[in-house]
Amino acid sequence: MTKPNALLLAILFSTSSYANDFEIINNFDSEIYTEAQPVKSFLDEFNKPLESGDSAFTFNVFELGVKYKGVSLGAQSRYNYALEFDPDTALFTYLEKNDLPFEKRNYRYLLKGKQSTTHGVFLAYDVALFDNSLTITPKVTYYQSAHFQDATVDGTIFSDEIKGDLQTQYFFSKDILFKSFTPDQSPEGKGYSFDLSIDWQISDDLNVSFKALDLVNETKYEGVGFVNGVTTDVPFIEEGDSIVTEPSIRLRTSAFNREVDYTFEHDARYYLDVSYRLNGRVSFDVFTRRFYKDTFVQGNVNYHFNDSWRVFSGYESNSKAVELGVANEYFGFSVKTDKLDLDDAHYANINWFVRLVL
């Protein structure tokens, strides 16, 4: 009887060990940031007092999957939108939307916008090195997409008149600028992205991590609408010593079923985090992240109730946002904003993660 019991215990112990390696994982992160106007006004009437700024973005991701022995597999949905603009463009928009007087001068008009919605599957693998003190995690996501915008409008506009010199490169699934060239059928897009994260436990008290999102992000669409060309003022007639000009428009469009294939790319985002455990109760974090031309630096203070639960709070530069959150090894939730009144907020973020170990 002794041998069968020992064998049974060994099998049960082995099964239990493997079971503890199996996890159900869920991650959600949603953030929005607008510089020239509060979020609500930026998306709607643009009627709040104008502030300095040249960018806006929102990044949103939801993931649900499983993880076993360092291998993660699951489903992912994303909505990303990034906009760069010249401060003069924000001023022009503010004056136009609020019926305010324009100066008699050329306004710089620059807009660079990228937006996409994707749904797909991801695969990641934790490569543990040096007795698990260093973990490198490559992650590949394959997805499909039917909605995107990729636009660049660059040039000048004179006062509030329809005069100027503008160059347009615009590809889309839905024409939201000219509202005339939306394809009859939504484009079909297939693409992939590659992320890389590195986590280094330097000592029991010090940890450094680096993450690059969308290090590669490429989607190939078929049946894409487009508007490409220039609008310029050209000599028209002479009146005495003056030359009167009127706009000349030279545009190529996807009208009359002339849709094209197009390759769309997102720019990479970079994160660097440093964590230091002061004692059993208190630890500190410094987070740095780089999006396009913007750099955000945040300092956090964590209070640990025990080895599992902690609460934390921090302040971030640039967005001027305050974060509050709670977390342990299996669950975390945080909110971050610069204003409690969301009508006046320039930044808002909700984040959670769940690890259910089976």
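The values are calculated or read from the model by the stated rules, or taken from the named source; none is laboratory data. Owing to the predicted nature of the structure, the values given are computational and were not obtained by experimental measurement. In this analysis, Cβ positions are derived from the backbone assuming ideal geometry, glycine residues included, and neighbour counts consider all displayed protein chains.
Go through the residues of region 349-357 one by one and say whether even a single one is over 28 Å from Phe305 (Cα atoms) and not basic (Lys, Arg).
There is no residue in region 349-357 that is over 28 Å from Phe305 (Cα atoms) and not basic (Lys, Arg).
Filter region 159-206 down to the residues that are among the β-branched types (Val, Ile, Thr) and within 30 Å of Ala75 (Cα to Cα), then identify the one that is surrounded by the fewest Cβ atoms within 10 Å (Cβ to Cβ).
Ile176
Would you check if there is a residue in region 241-252 being over 30 Å from Gln76 (Cβ atoms), touching a Ser or Thr at 6+ places or on another chain (Cβ under 8 Å), assigned to a strand (DSSP E or B) and modelled with pLDDT of 90 or more?
No, the conditions are met nowhere in region 241-252.
What are the pairs, 6+ residues apart or on separate chains, where a residue within region 159-183 that is under 27 Å from Leu95 (Cβ atoms) and without any contact (Cβ under 8 Å) to a residue 24 or more places away in the chain has its Cβ under 9 Å from a residue that is of a type in the set (Phe, Trp, Tyr) and assigned to a loop (DSSP other than H, G, I, E, B)?
From region 159-183, the pairs are Glu161/Phe102.
Being in a strand (DSSP E or B) and over 21 Å from Asp261 (Cβ atoms) is the filter here; which residues of region 170-198 pass it?
The answer is Phe194, Asp195, Leu196, Ser197, Ile198.
It is to be established whether one or more residues within region 84-106 are under 20 Å from the mean Cα position of the chain (by Cα), basic (Lys, Arg) and either in a loop (DSSP other than H, G, I, E, B) or more than 30 Å from Tyr262 (Cα to Cα) (or both).
no
Restricting attention to region 309-341, and to residues there that are over 20 Å from the mean Cα position of the chain (by Cα) and among the aliphatic types (A, V, I, L, M), which single residue is surrounded by the most Cβ atoms within 10 Å (Cβ to Cβ)?
Applying the filter and picking the extreme gives Ala327.
Tell me, please, whether a residue that is out of contact with any helix residue (DSSP H, G or I) (no Cβ under 7 Å at 6 or more places or on another chain) and not in a strand (DSSP E or B) can be found in region 132-151.
Looking through region 132-151, at least one residue is out of contact with any helix residue (DSSP H, G or I) (no Cβ under 7 Å at 6 or more places or on another chain) and not in a strand (DSSP E or B).
Is at least one residue of region 316-331 farther than 30 Å from Lys69 by Cβ and in contact (Cβ under 8 Å) with a residue 40 or more places away in the chain?
Looking for residues that are farther than 30 Å from Lys69 by Cβ and in contact (Cβ under 8 Å) with a residue 40 or more places away in the chain, one finds at least one in region 316-331, hence yes.
Being modelled with pLDDT under 95 and polar (S, T, N, Q) is the filter here, so list the residues in region 59-95 that pass it.
Scanning region 59-95 gives Thr89, Thr93.
Here are some conditions: (1) loosely packed, with under 15 Cβ neighbours inside 10 Å; (2) part of a strand (DSSP E or B). Gln298 meets all but one. Which one does it not meet?
In the conditions (1) loosely packed, with under 15 Cβ neighbours inside 10 Å; (2) part of a strand (DSSP E or B), Gln298 misses (1) alone.
Exactly one condition in (1) in contact with a Gly (Cβ under 6 Å, 6 or more places away or on another chain); (2) under 21 Å from Ser52 (Cβ atoms) is false for Ser319; which is it?
Tallying (1) in contact with a Gly (Cβ under 6 Å, 6 or more places away or on another chain); (2) under 21 Å from Ser52 (Cβ atoms), Ser319 fails exactly one: (1).
State which residue is farthest from Pro101 (Cα to Cα) when the search covers only region 127-153 and only residues that are buried (at least 17 other Cβ atoms within 10 Å of the Cβ) and of a type outside the set (Ser, Thr, Tyr).
Checked region 127-153; the qualifying residue farthest from Pro101 (Cα to Cα) is Lys139.
In region 40-99, how many are of a type in the set (A, V, I, L, M), under 21 Å from Asp150 (Cα atoms) and either touching an Asp or Glu at 6+ places or on another chain (Cβ under 7 Å) or in contact (Cβ under 8 Å) with a residue 12 or more places away in the chain (or both)?
Residues that pass the stated criteria total 5.
Could you figure out which of (1) exposed (fewer than 15 other Cβ atoms within 10 Å of the Cβ); (2) over 20 Å from the mean Cα position of the chain (by Cα) isn't true of Lys293?
So the condition that Lys293 fails would be (2).
Residue by residue, here is whether (1) of a type outside the set (Phe, Trp, Tyr); (2) under 25 Å from Gly225 (Cα atoms); (3) out of contact with any Cys (no Cβ under 9 Å at 6 or more places or on another chain) holds:
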residue: Leu134; (1), (2), (3): yes, no, yes
residue: Phe158; (1), (2), (3): no, no, yes
residue: Glu161; (1), (2), (3): yes, no, yes
residue: Phe171; (1), (2), (3): no, yes, yes
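Restricting region 265-276 to residues that are part of a strand (DSSP E or B) and within 11 Å of Val216 (Cα to Cα), which is nearest to the chain's Cα centre (by Cα)?
Taking the candidates together, the pick is Arg269.
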